[in-house]
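Okay, structure first, notes after.
The values are calculated or read from the model by the stated rules, or taken from the named source; none is laboratory data. Because the structure is predicted, anything quoted here is derived from the model rather than measured. In this analysis, Cβ positions are derived from the backbone assuming ideal geometry, glycine residues included, and neighbour counts consider all displayed protein chains. In case anyone asks, the SASA skips ligands and DNA or RNA and just uses the protein heavy atoms, side chains included. Shrake-Rupley method; radii C 1.70, N 1.55, O 1.52, S 1.80 Å.
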Amino acid sequence: MDATIQPLDRVFLHLGPITIYWYGVIIGTGVLIGLWLATREGERRGLPKETFVDLVLFAVPIAILCARAYYVIFEWSYYSKHLSEIPKIWEGGLAIHGGLLGAVATGIVFAKARGLSFWKIADIAAPSIILGQAIGRWGNFMNQEAHGGPVTREFLESLHLPDFIINQMYIDGQYYHPTFLYESLWDFAGFLLLLWLRRVNLRRGELFLSYLIWYSAGRFYIEGMRTDSLMLTSHLRIAQVVSVMLIILSVCLWVFRRKKGLAKERYND
């Protein structure tokens, strides 16, 4: 039966010479849903309606460029010999940590230019970011990437996964851990957690820091299961190192901002 399994078509649509891939469609869908949620919440929190639309127009292109640059830099031994493949983002190869760095830098500059609080914008955007990540991981599913080590079909069936996921995890004659799914579910749980934390009425900035801590904790564990990690050394996975650094930085910022009185306002103030 395994020999007859065919992967899902990576192409969403052909428009003459233009090919649109599921990878881009899924990531774009995550961005649009996140934008809708952030815009609604931003209006409720007193921000102009166009705030997040304007921010996304800058942040998304910059985040994509940074995500690709981050990936290419750490895979330079390959891309230095295949320069023509660097722009081919539809084939995968977008590092979330690079994209997050680009988005945060853009958010800081944008907030300063508009005379707004970066932390307020970041808090409002945090649930949208992690939901977008949960959706975006399905782009990896369509590309059959970001998977874990080899497993048996019986193992996947024991997880009560639908056949379309199990079959898509059959790659070059072997079944693999659907780590894309594990991270997607972790991110969606984080989205629900952040919605609940809104009601807790944390101090300004702490919702975004909660996002960084939650996402990084899950990413650290799941990254250890993957077979395609970007490596810092032969034993150190870059995403795990960055995840630990983000957790430490977030906790330190949380404590520092409270001790220095920089987080007096609360989310719902």
Surface accessible to a 1.4 Å probe, per residue, for the residues of segment 93-201, Å²: 42 Å²
Please report, largest first and rounded to whole Å, the three semi-axes of the ellipsoid equivalent to the chain, where each semi-axis is the square root of five times an eigenvalue of the C-alpha gyration tensor. 33, 21, 19
Tell me, what ³J(HN,Hα) does each residue in segment 145-157 have, in order and in whole Hz, if you take phi through Karplus 6.51 cos²θ - 1.76 cosθ + 1.60 with θ = phi - 60° and put x for Gly and Pro? 10, 6, 9, x, x, x, 9, 9, 4, 4, 5, 5, 5
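Rounded if a/c is under 1.5, else prolate if a/b beats b/c, else oblate: with a ≥ b ≥ c from the C-alpha gyration tensor eigenvalues square-rooted, which is segment 121-192?
It comes out prolate by the Cα gyration axes.
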How far is it, in nm, from the label point at ASP9 to the one at ARG40 when both lie 7 Å from their Cα along the line to the Cβ? 3.3 nm
Residues whose built amide H sits under 5 Å from the amide H of ILE171, excluding neighbours closer than 5 in sequence, are TYR176
To the nearest µm²/s, what D does Stokes-Einstein give for segment 186-234 at 25 °C and 0.890 mPa s, using the Kirkwood radius over alpha carbon pairs as Rh? 199 µm²/s
So, R0 is 22 Å and r is the distance between the beta-carbons of ALA113 and CYS252; what FRET efficiency does that work out to, to 0.05? 0.20
List the residues whose amide H sits under 5 Å from the amide H of ARG237, counting only those 5 or more places along or on another chain, with H placed 1.01 Å from N in the peptide plane. LEU232
Which percent of the accessible area of segment 135-269 is formed by carbon and sulfur heavy atoms (probe 1.4 angstrom)? 64 percent
Determine the principal axes of the Cα atoms in segment 24-72, then give the extent along each, sorted from largest to smallest and rounded to whole angstroms. 40, 19, 12
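At a 10 angstrom cut-off on C-beta neighbours, averaged per residue, how do the peptides 153-160, 34-41 rank from highest to lowest?
So the peptides 153-160, 34-41, ranked by packing, come out 34-41, 153-160.
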First obtain the Kirkwood hydrodynamic radius of segment 187-269 from its Cα pairs, then insert it into the Stokes-Einstein equation at 37 °C and 0.692 mPa s, and state the resulting D in µm² per second as a whole number. 234 µm²/s
Karplus 3J(HN,Hα) series, Hz, for segment 70-81 with 6.51 cos²θ - 1.76 cosθ + 1.60 (x for Gly, Pro): 4, 5, 5, 4, 7, 10, 5, 4, 8, 6, 5, 9
So who's got an amide H within less than 5 Å of the one on GLY224, skipping anything under 5 residues away but keeping other chains? H placed 1.01 Å off N, in plane. none
What are the lysines whose alpha-carbon lies under 25 Å from the alpha-carbon of LYS49, with same-chain residues fewer than 8 places away excluded? LYS112, LYS120
Summarise the long-distance tail of P(r) for segment 124-269 by giving the % of C-alpha pairs beyond 27 Å. 33 percent
Accessible area of VAL56 in the full protein assembly, 1.4 Å probe (Å², nearest 10): 40 Å²
Under the Karplus relation with 6.51, -1.76 and 1.60 and θ = phi - 60°, whole-Hz ³J(HN,Hα) for segment 49-65, x at Gly and Pro, equal 4, 7, 3, 6, 5, 5, 4, 5, 4, 8, 5, 5, x, 5, 5, 5, 4
